[in-house]
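Q: Just passing along the structure, written as structure tokens.
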Amino acid sequence: MALLDYPGFMDQAFPVLSRSWRIDPANGRASYRDYRDSLNPPILHRKERLLPAYHPDTPRFAKLTADLESLGLFEDPVRIGYRRQWEALLSERGYRVVGHDLVPIGNYEEDDGDALDADAGAPIVRHLTALSRQTLSAPLAAMTRIGLINETTTFFDYGCGRGDDIAGLLSAGIRAAGWDPYFAPDAPIEPAQIVNIGFVINVIEDPAERREALRRAFALAKTALCVSAMLASDDEVQGRPYADGILTRRNTFQRYYTQTSLRDYIEESLSTTSLALAPGIFLVFKDQAAEQSFHLRRSRSRLRVPHLAKPPKPPRHAKEPKARPTREPKRPRPKPWERCPEAFAALCRQWQELGREPFADEIPHTAALEKAFGSTARALRTVRPRLDQSYIDAVRAQRTEDILVCLALQRFGRRIPYRHLDSGLQRDVKAFLHSYGNATEEAARLLARAAEPGVIEAACTGAAARGLGWLIEGRSLQLHSSLVPRLPPALRIYIGCAAVLYGDVALADLVKIHIASGKVTIMRCDDFSNPLPRITERVKINLRAQDVRYFAYGPSTGFAPPILYLKSRFMHEEMPDYPEQAEFDRRIGACVEIDELLRGPDEDALAAALRREGLKIEAGAVMADDKPPALDDPCGAHLVYRDLIVCGETAMSTGLPNLPRQIDSYRALRALAEKILDPVIEWYGSIELTYGFCSPELSRRIRGRIAPALDQHAAHERNRVGKPICPRLGAAADFLVRDEDMLDVARWVAANIPFDRLYFYGRDRPIHVSYGPEHKRELFEMTATPTGRLMPKPLHLQLP
């Protein structure tokens, strides 16, 4: 059971996990994890599922989920569980979430704050709103996803900006062209099946010109026009009101719409109906047949958005916009920090990094600051109220810990006099610890405390609560070497003592802190970037005995390098590829047994276990194996595939191979064995299989008595036109338990197993049980009609 704390559950679209408590009733253990200082915490999606249907916010939350699902943003569950990967995925697809609304990113926007210096007399510069993209824009990604744009269509981008969408489509083999009044003014304007006017109408300040641009784009479309615009949101750019929009500080115009107002504007301007493709994106069809085809395709399509490679951009036209004669108005006098923005920002960063006020020789860009402010002292006074004091306090605490750890570890060598310290360190000591003598005394106390097992245990528990390593309670903490600097001071000193005997632990991969025995183990792997690295070196340092023991693995030593399982437990969610590694570990952990010390099978046993599950490791991921298993490979815990394929009187008498052609049929047979047959065997001891998998060749040899389109014995096999023989899919088997009343067996199955359909033929006859995706748990009794034909009727069992 887990207790999860999401402080922003109602306010945040994707609430961030702050703290979690996990309780295992089986062993009475509890663990705690604090994510409040994590830069990449887990986040929650589909939060409406945790609320009752009548809650007033449920429809709003559900709408956001529906919008995201329609764009395929939930298709890769590995990338959505952590904030950093989720925000990157949103950005890649050309969207951002404002409040609980999905908003396409179409133009460059800036937060102008209160200091607006837009020149009302200067011409509006539209081209500054054009974005440079690494992936397709939101409208193009949506149309590609549903198949509206493909290799058979022609595409024209009216107002193509920098041309990144066109370059992406061309690299995918799609015929695409575009025109832009600034970036591609000489390009031909030509009709195409699909025309896009993406985020153009919201940057045109003249309403008449805006409407005319929309109509021209529509005239070019043979099949459909895609129109997109920026949507209004709570944090939209604040600027000076201008016409029906706003004027930003850079003299760009933005007109924001709502979804409803954008639809109304399109339909009023073009005198036709429009279809919402996504938030801020609409389609207007000219071809009714194409529109109907689109509706069918949209209801069936589950295609993923391709990540199109971006080729080098074609050379831009060097034509400069015509200068308009304007009267230069008088500008307000800029603030001092506006006259040296880079120097002022560098001074802020320096103060924050130091955790204290910088000295004169630590101030960057002194000349620029003195010129703008008159003196560096005035610049410092201006910076102080603008700093985040809580951040400064955190930096001070961290730098204080660093100094104490450094001084504590110096006691193993020659003590450096204060006058020989680096000037920056001297200043830090004075600012954070008042004096060198006080600092060395506190460091000595910290060093003494690092030898106490109770202190080490508490520090290990606290580190594990922050996601720094894998804790075995009372025994050890094991973590990646890159996380050592983030440990509490006592543990850094503990490891630093071991480093005196070992060397730089940063050159290793893993560090294991033994809580009670006064030992540290340092390990190196062949390639830690591999999802299953192998340990090649292990060095155990006994701090109490000052003893170092070295263990090597490899061909020259005669000891095979052990596999490092569940690598994500030693990582932190901020480390690259952590979500992918965690998913890899989850799937491996479901296939093989790994003990508390994270020891698992050797390479051959792992390969065999994966093969039993129909899986393989490829490109660093666990995926379905498309190679069919052998007949004598295990199928579940008690059977082999032969038992389910070569059974039944017809299969055995004819000697037909009866082999599945679809790899999914093998997987369905394995699921049938694991979910249905294994539990029955474990309960009753043994079963007699009388009918299992039935290929089309075998079904043609069986006279009557079977219904391949209904009984699921054909598993996932397909007919001559490529459709499933049995649309129910799954797999089925008929079996008998000797010396048992099959009604009792049917009753036990119905009470204990998640079956799909069960057919009962009689107390001494085999029962038919299937396991499939529908999980209907339907019970039928086969009864004879006056003509002797067996017909199913619902079977009502009194379950124990």
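The values are calculated or read from the model by the stated rules, or taken from the named source; none is laboratory data. Please read all numbers here as calculations on a predicted model, not as lab measurements. For neighbour counting, all protein chains shown are included, and Cβ atoms are generated from backbone atoms with ideal geometry for every residue, glycine included. Protein only, heavy atoms only, side chains kept; ligands, DNA and RNA dropped before computing areas. Shrake-Rupley method; radii C 1.70, N 1.55, O 1.52, S 1.80 Å.
Q: With respect to Arg79, is the statement that it is in contact with a strand residue (DSSP E or B) (Cβ under 8 Å, 6 or more places away or on another chain) and open to solvent by 30 Å² or more (accessible area, probe 1.4 Å) true?
A: No.
Q: Sort through Ala397, Ala458, Ala490, Ala464 and tell me the only one that's more than 30 Å from Arg29 (Cα to Cα) and at pLDDT 90 or above.
A: Answer to the selection: Ala397.
Q: Leu4 versus (1) open to solvent by less than 30 Å² (accessible area, probe 1.4 Å); (2) in contact with a strand residue (DSSP E or B) (Cβ under 8 Å, 6 or more places away or on another chain); (3) closer than 29 Å to Leu102 by Cβ: which is the lone unmet condition?
A: (1)
Q: Follow-up. When the range 716-773 is examined, which residues are found to be touching a Lys or Arg at 6+ places or on another chain (Cβ under 9 Å), touching a residue at least 24 places away in the same chain (Cβ under 8 Å) and surrounded by fewer than 14 Cβ atoms within 10 Å (Cβ to Cβ)?
A: Pro754, Pro773
Q: Restricting the search to the range 658-681, which residues are open to solvent by 40 Å² or more (accessible area, probe 1.4 Å) and touching a Ser or Thr at 6+ places or on another chain (Cβ under 8 Å)?
A: Result: Leu659, Arg661.
Q: Oh, and also: Can you tell me which of (1) surrounded by 14 or more Cβ atoms within 10 Å (Cβ to Cβ); (2) touching a helix residue (DSSP H, G or I) at 6+ places or on another chain (Cβ under 9 Å); (3) acidic (Asp, Glu) is the one Glu452 doesn't meet?
A: Answer for Glu452: the failing condition is (1).
Q: Quick one: Ala490 ticks every box in (1) assigned to a loop (DSSP other than H, G, I, E, B); (2) buried (at least 21 other Cβ atoms within 10 Å of the Cβ) except a single one, so which number is it?
A: The one condition Ala490 does not meet is (1).
Q: Could you list all residues from the range 417-430 that are open to solvent by 40 Å² or more (accessible area, probe 1.4 Å) and part of a helix (DSSP H, G or I)?
A: Passing the criteria: Tyr418, Arg419, His420, Ser423, Leu425, Gln426, Arg427, Lys430.
Q: A further question follows. Within the range 10-45, count every residue that is exposed (fewer than 15 other Cβ atoms within 10 Å of the Cβ) and assigned to a loop (DSSP other than H, G, I, E, B).
A: So the answer is 9.
Q: Hey, among the residues in the range 534-562 that are open to solvent by less than 20 Å² (accessible area, probe 1.4 Å) and in contact with a helix residue (DSSP H, G or I) (Cβ under 7 Å, 6 or more places away or on another chain), which one's farthest from Ile617 (Cα to Cα)?
A: Checking each candidate, the answer is Ile541.
Q: Is there any pair with a first residue in the range 374-385 that is farther than 11 Å from Ala360 by Cβ and a second that is basic (Lys, Arg) whose Cβ atoms are under 6 Å apart and which are 6 or more apart or on different chains, and what are they?
A: none
Q: If a residue has to be surrounded by 14 or more Cβ atoms within 10 Å (Cβ to Cβ) and either in contact with a Cys (Cβ under 8 Å, 6 or more places away or on another chain) or of a type in the set (S, T, N, Q) (or both) to count, how many in the range 266-279 make the cut?
A: Looking only at that region, the number is 3.
Here is a yes/no grid of residues against (1) β-branched (Val, Ile, Thr); (2) at pLDDT below 90; (3) within 35 Å of the chain's Cα centre (by Cα):
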{"site": "Asn658", "(1), (2), (3)": "no, no, no"}
{"site": "Arg667", "(1), (2), (3)": "no, no, yes"}
{"site": "Ala673", "(1), (2), (3)": "no, no, yes"}
{"site": "Ser695", "(1), (2), (3)": "no, no, no"}
{"site": "Ala709", "(1), (2), (3)": "no, no, no"}
{"site": "Val737", "(1), (2), (3)": "yes, no, no"}
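Q: Looking for whichever is open to solvent by less than 50 Å² (accessible area, probe 1.4 Å), small (Gly, Ala, Ser) and not in a strand (DSSP E or B) here; the options are Ser568, Ser529. Which one fits?
A: Ser568 is the lone residue from the list that is open to solvent by less than 50 Å² (accessible area, probe 1.4 Å), small (Gly, Ala, Ser) and not in a strand (DSSP E or B).
Q: From Arg763, Arg777, Arg738, Arg747, which residue is among the basic types (Lys, Arg) and within 21 Å of Arg705 (Cα to Cα)?
A: Residue meeting the stated conditions: Arg763.
Q: Scan the range 360-375 residue by residue and report those that are surrounded by 18 or more Cβ atoms within 10 Å (Cβ to Cβ) and assigned to a helix (DSSP H, G or I).
A: Matches in the range 360-375: Ala368, Leu369, Ala372, Phe373.
Q: Looking at the structure I just gave you, is Glu357 within 27 Å of Gln426 (Cβ to Cβ), without any contact (Cβ under 8 Å) to a residue 40 or more places away in the chain and open to solvent by 60 Å² or more (accessible area, probe 1.4 Å)?
A: So Glu357 fits the description; yes.
Q: Just the residues that are at pLDDT below 80 and buried (at least 17 other Cβ atoms within 10 Å of the Cβ), please, taken from the range 280-295.
A: Once the filter is applied, which keeps residues that are at pLDDT below 80 and buried (at least 17 other Cβ atoms within 10 Å of the Cβ), the range 280-295 yields only Phe294.
Q: Can I ask one more? Do we find that Ala394 is open to solvent by less than 20 Å² (accessible area, probe 1.4 Å), under 42 Å from the mean Cα position of the chain (by Cα) and among the small types (Gly, Ala, Ser) in this structure?
A: Judged against the criteria, Ala394 is not a match.
Q: Follow-up. I'd like to know if the range 91-104 contains one or more residues that are polar (S, T, N, Q) and at pLDDT below 80.
A: No, that holds for no residue.
Q: Please state which of the following conditions Pro59 fails to meet, knowing it meets all the rest: (1) assigned to a helix (DSSP H, G or I); (2) touching a residue at least 12 places away in the same chain (Cβ under 8 Å).
A: Condition (2) is where Pro59 drops out.
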